[in-house]
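Everything below concerns the one structure shown next.
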């Protein structure tokens, strides 16, 4: 009986010791939780702040071009600074980057881009123009706005063999009505086996304005 009591006492001591250890550990853990400050988490705005640069505006390629003004017919346009411009008394202006336009004011002169004022209605001029569905491949005729005015553009590739073989020459001809009996023609000619200046022609056309 004495041995049994001794064993029971030993078990009780062990249980009490284990419980004391558990309670002590819990007390230490609770104390650490109360006295330890949590480390601050990184602010989400610290990572999300970025320098956003605005997209560059499209470059105006015509900004440094030369400007022509017709005081007689009250219009203006820009053209590349390395191009040659010949003013034939204001009624005909010939423009281009090469010798085709140098001093060419006589009737029938060859030009790359031509501005001319015609004393006839646009419809009459188009009906009698050399460029037509009979004389040109890929012939097209469209209405376009030029300087806010409804205008007519027709274009095509010359297919008729004449005294001068101009087959393969590309033409773009824009007719802008001024008055009932007056029209501005802005034409572009690309001769066969020559450089294509269609892009420059459209840029020049985009700068065309009427003077107030």
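The values are calculated or read from the model by the stated rules, or taken from the named source; none is laboratory data. Here the structure is a predicted model, which means the values were calculated and not measured. Using ideal geometry, Cβ is built from the backbone for each residue, glycine included, and neighbour counts are taken over all protein chains shown.
Values for this structure:
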| quantity | calculated |
| --- | --- |
| Condition met for residue 185 (in contact with a helix residue (DSSP H, G or I) (Cβ under 9 Å, 6 or more places away or on another chain) and either in the same structural domain as residue 78 (by TED's automatic domain parsing) or crowded, with 18+ Cβ neighbours inside 10 Å (or both)) | yes |
| Residue within segment 203-212 that is crowded, with 17+ Cβ neighbours inside 10 Å, assigned by TED's automatic domain parsing to the domain that holds residue 138 and at pLDDT below 90 present | no |
| Selection count where residues are part of a strand (DSSP E or B) and crowded, with 18+ Cβ neighbours inside 10 Å, scope segment 71-83 | 4 |
| Single unsatisfied condition, residue 141 versus (1) buried (at least 16 other Cβ atoms within 10 Å of the Cβ); (2) modelled with pLDDT of 85 or more | (1) |
| Test set (1) outside the structural domain of residue 187 (by TED's automatic domain parsing); (2) surrounded by 10 or more Cβ atoms within 10 Å (Cβ to Cβ); (3) at pLDDT below 55 - residue 61 fails condition number | (3) |
| Boolean, residue 166 is farther than 14 Å from residue 77 by Cβ and touching a helix residue (DSSP H, G or I) at 6+ places or on another chain (Cβ under 7 Å) | no |
| Residue match in segment 93-109 (condition: at pLDDT 85 or above and within 23 Å of residue 206 (Cα to Cα)) | no |
| Within segment 145-163, considering residues that are more than 18 Å from residue 132 (Cα to Cα) and surrounded by fewer than 17 Cβ atoms within 10 Å (Cβ to Cβ), the one modelled with the lowest pLDDT | 163 |
| Condition met for residue 116 (surrounded by fewer than 14 Cβ atoms within 10 Å (Cβ to Cβ) and on the phi < 0 side of the Ramachandran plot) | no |
| Strands (runs of 3 or more DSSP E) (entirely within segment 135-212) containing at least 1 residues that are within 17 Å of residue 97 (Cα to Cα) and within 24 Å of the chain's Cα centre (by Cα) | 182-190 |
